[in-house]
Every structure is written in structure tokens, then in C-alpha cells.
Amino acid sequence: MGYTAETVEELLGFYEKHASEVGFSIRKGNTRFKVGTRIVLEKTYVCSAAGVTNNGKNKKKKVQTVVPVVPKKERKPRQVSITRTQCRACLRVKMNSEGRYEVVNHVIMHNHDLTRSQWHYLHRSERQITEEKREAIETMQKSGLSSTASFNYMAIEAGGEENLGHSKKDHLNYCTRLKMKQIEGGDAQAVTDIMYLELEGDPNFFFRFRLDEKGKLRSLFWKDSMMMEDYGIFGDIVVLSQLGINNHWNNCMFGCAFIGDEKIESFVWLLQTFKKSIGGKSPISIFTDQDAAMNNAINQVFPDSRHRLCVWHLHQNAITRFGALKRDPTFKKTFNYCLYKCVTVVEFETNWRSMLQQYELIGEEWFTNVYDLREKWCPALSKDFFSAGILSSQRSESTNHAIGFRANRTTSLTDFYRLFKGTIQRWRSTEKQAEFSCSKSVPSSALPLSGLLKHASEVYTLSLFRDFEQEFGYSIATTAKLIWKQENTEFYAVSIDEEPWSAQRVTYIHESQTVSCTCKNFEASGWLCYHCIRILRLHSVNRIPE
């Protein structure tokens, strides 16, 4: 009593420390101002248990209309726990004649149990998100951490929740307010504003959007200058959603889009916009799932590109549609062999018919439709075009799992854009690390690094070298038989020992050191097959032909 200070806040600080030591929470009470100003003349701080809880029973009911148009179900009042006990504990301060604030009343006694010391940190008056914490939370949100993850990180860094200074509920509420602030004026408008800001920093940034008849955002597409550069180098293959494969067998992004529906019109707009963003250059191959609308759109916009179906989607559809077959490992093995392993057309047709008969699938509509589309996915029928290995199980599965954005149906467009940008930055960081590793190291091998294998270690990336090394290992276990010779050209049958059915025909031209194989692994994947490697080694060719 009688203690004075220059400001009300200083006295509040003392009272907060007192409340923390004793074990109760405080809140603001009545305030009296100087007439016509915001100068505080008198201020009261009370225990949080002061007063009476309003349980909703005393609220006035609305007067009903004479003839209610639509009868509405009355909402029950929210059940709120009673926390107020008419506690009289308080601190009242008043401005004295000297213009200082003086404690004129301090009621110490409480009519309720005080809080245990281990729970003091849960008091509302002891919880505060400071400016420093706000900056940390915003930084973690920008880096892609969820609200819960950022709270857990801060709690661990503080040595426990009790030392953090705010609760999980405070943290989540602040993150929600931050999110709402970011999309003031509308989420679509906010993400469009972001696009214009990106354009200011990157003159080659490309984006387009389309509105519906009500003026609402219907479709959105964007790509930055690095995506354009990547497409110029690696744009032979495009996997919708708009992925590509770089020279380290990692995924790279060529663009991103949102469309309001999956109609032909929307896919046509998307592909036409994508085509415009890449200067009209069509990819060699486009991989998609079994979507008829997308297929029609590709035929309209990219008629010269080869449309192929992703075998990973076919595999997933097959094992989720047919009851007991999902649990039959022999069916999965047989179906996968038809999807991935068949080398010749005869081999594929034989295995497909055998599968339909063995598992009584003759006449099944889904398998009939898949068979009719076999030229879009069967490896034996797709050797004549470059696919970057995506027709294989491993490549296609990794591609479809590449977009690992931590997003859900409540994620806003602005949040998604931030997550998307963070993911692309991680991909590019991985690419830089791969480039650095290739420039500073050479691959090791269990086989002697000489001849073709040594040359491969010098000209291929580390990832591609592993594929070539595997083919080189297979070539050691093969047998080559000369079939016939015509001037400078020789024709061989190459097969793995004890597997004569695996034979492929290899053509070799002496003068130009040109080699080709009926398996067409080079045409489809970009590295030589073991059949060709066997013949090159047979003719003592120690460098991979240009």
C-alpha cells in the first residue's frame, strides 16, 4: 500500500510477479480515464476467479417471427467449466496529486485453492508470445514446419513446455491468426499478389490464371526461370504433374498448376499454357494415369508427343480392385512380369493370356481395357522411344511419390505455394550436391575399372554409372554367337548362360563402331544394354561410342 510508479504497466509487472509466486492468475478489471482523453486515472487488476461465470442461461432469447420461413434448430449453449468464485483479491492503483500511480488498495486473501507450483506456467497472465517468439514462429512456418512441429521445437529448445512461456493453444491460435493475416482480402488474391512479386524479382517468371463467370479463380499455372532452364535440358520426358528426370535420375519440376475440375477444357487450358511457357517445344513422351480427359487434351495440344501410361498406376489399380487377388502373391508376381519384364511381343502375349486363364479374368472389363491400351504401357511395345526408364517399376514409383508436400484439404493456396517453393529448393539443393559429388569424386566398383567401365566412370554421373555397371556385370555372364556376316556388318545372338530364351540380336558395324540391339534399352533408357556391351568387349572397344 502506498507504493508508487511512473506507469501503470510498472505496477502491473510487480503484481504479475506476486501472482506467479503465490499461485493465481490475474486479469484486467475496471479502468477510469480522464475526461476526453485516454489518460488512466484509476485501474484495477483482479484475480481471474473474480466475478461469476455466465453459463448462457441469462442470455436474452430472440423474438420469433409470426410465421417462421424455415424452422431453425436452436443451438444449445456451450458448456463452460465454472472458474469464477467471486474472489475479492485485487490490486487498485490511482494517479495521485504528483501525477504518479499509487497502490491504494490491495486485497491479498483468496476464497479458492491456489495453483500448485508445477502448474503456474499455465496461468493466462503468465503466458505471452513475445516479439522474438513471433519472429521464430513465422520463420519456422516459412520453412514448412507445421504449427505443432514448431511448438514442439520451441518447447524442446526452452527445456520443456513449462519454461516456454506460452501454451500449445496460444501457439496454434497465433499460427491461425498469422495465416488469416496472410490471406486478407482472399486466398486467391493473396497468391496472385505473390506471383506479381515473384515476377518483379525474376523477369522470366511465368504465370497465368483464369477466372470463371463470377470472377473467381478457376485455374492457375506458374513456373520460374530455373524450371524453364531445366525443361530446355531435360524436357524430353514430362510426367503429369509436370515432372521431369535430370541427369542424376532425380525428379525436377517444370511447372505447377491448379485446375478447378478434370474436364477436357481444363486440361487443354493447362497444356496450352504449359506449351506457351516453354516456347512451344513439345516433349518426346508424356506420362499420365488412365484419365480419358487428359488423353484427349494431350492429343489436341501435343499431337506429336508419345502419350504413355504410368505402369505404377496400373499396378496400384490392379491390386486394389479384385478382392482375393490383392492377397495373392502369385498374381502380383505374374501381373508385374507382364507390366515390367516382358522383352518381346510374343513373350508378353503368352504371359498375358496365361494370366487371364489362370486367374479366371477372361472377360473382366478392366483387364480388357488395359490390354487395348497395351501400346501405351507395355515395355515390349514401347522400345522405340525414350522414356528415361520411367516404364520400370522403381522409376515410376519414385516419380509418383516425389510430390511429398505436407498439405491437406485445409491448406490454403498461399500455404501450398510456400510448401511447394520449399520443396523445389530442397530438390535443387540435392541436385547441387549431386553435381558437386560428381565433380569431386569418381565411382568405385567391385569390378576392375578398365576399358568400357573406366570410360563410363569418366563420362556418366554417379547415378547413371551404377546402372551401366549393372549391365556390364550381366555382360560377363553372357554368350555371344555369330549368326552371319555381311561386309563390315556382323550379326550376333547374345543370351545369358543357361537362359537361351533371353537371346537378343545385336548388330555391329566395324567401320563406325556402331552397335544396336533388338532389346532397344539404349533407345528407351539412354545407356547401353548388356547385349551391346558384350559385343563391344568382344571387339576390344574400350570407349563408349559417341
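The values are calculated or read from the model by the stated rules, or taken from the named source; none is laboratory data. This structure is a prediction, so every number in the text was calculated from the model and none was measured. We place every Cβ from the backbone using ideal geometry, glycine too, and count neighbours over all the protein chains shown. Quick note on the areas: whole protein, heavy atoms, side chains included, nothing else; ligands and nucleic acids left out. Shrake-Rupley method; radii C 1.70, N 1.55, O 1.52, S 1.80 Å.
Okay, here's what the table says:
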| item | result |
| --- | --- |
| Computed FRET value (nearest 0.05) for Gln300 with Ile233, which takes r as the C-beta separation and R₀ as 30 Å | 0.65 |
| Protection proxy ranking, peptides 88-94, 31-37, 424-430, average beta carbon neighbours within 10 Å, highest first | 88-94, 424-430, 31-37 |
| Net charge dipole size for the chain [Lys, Arg +1 and Asp, Glu -1 on Cβ; Debye, nearest 20] | 3340 |
| Prolate/oblate/rounded call for the stretch 116-181, Cα gyration tensor, a/c under 1.5 rounded | prolate |
| Exposure of Cys532 as accessible area (Å², to 10), given a probe of 1.4 Å and all protein chains | 10 |
| Cα gyration tensor, the chain - rounded (a/c under 1.5), prolate or oblate | prolate |
| Computed lengthening from Ser354 to Lys94, 0.36 nm per intervening residue step minus Cα-Cα distance | 84.1 nm |
| Listed residues Leu356, Leu325, Gly235: farthest to the positive end of the dipole of the chain (Cβ charges) | Leu325 |
| Degrees separating the helix 462-476 axis from the principal Cα axis of the chain, which is the longest one | 30 |
| Relative contact order for the chain, counting Cα pairs under 8 Å that sit 6 or more residues apart, in percent | 8 |
| Normalised per residue, the volume of the convex hull around the Cα set of the stretch 234-365 (Å³) | 151 |
| Cα gyration tensor shape of the stretch 203-281, rounded if a/c is under 1.5, else prolate or oblate by comparing a/b with b/c | prolate |
| Protection proxy ranking of 491-498, 193-200 - average other beta-carbon atoms within 10 Å, highest first | 491-498, 193-200 |
| Sequence ranges 517-527, 460-470, ranked by mean other-Cβ count within 10 angstrom, highest first | 517-527, 460-470 |
| Heavy atoms of Ile476 accessible to a 1.4 Å probe, total area in Å² rounded to 10 | 90 |
| Table column - 3J(HN,Hα) (Hz), the stretch 366-373, Karplus curve with 6.51, -1.76, 1.60, x for Gly and Pro | 5, 5, 5, 5, 5, 5, 5, 9 |
| Rounded to 10°, Cα long-axis angle of helix 292-301 versus longest principal axis of the chain | 70 |
| Pairs from Lys223/Lys421; Lys223/Lys263; Lys133/Lys169; Lys169/Lys421; Lys333/Lys520 whose Cα-Cα separation, in the structure shown, is over 19 Å | Lys223/Lys263; Lys169/Lys421; Lys333/Lys520 |
| Solvent-accessible heavy-atom area per residue, rounded to whole Å², over the chain at 1.4 Å | 60 |
| Dipole-positive endmost among Asn250, Phe33, Ser502 within the chain (Cβ charges, Cα centre) | Phe33 |
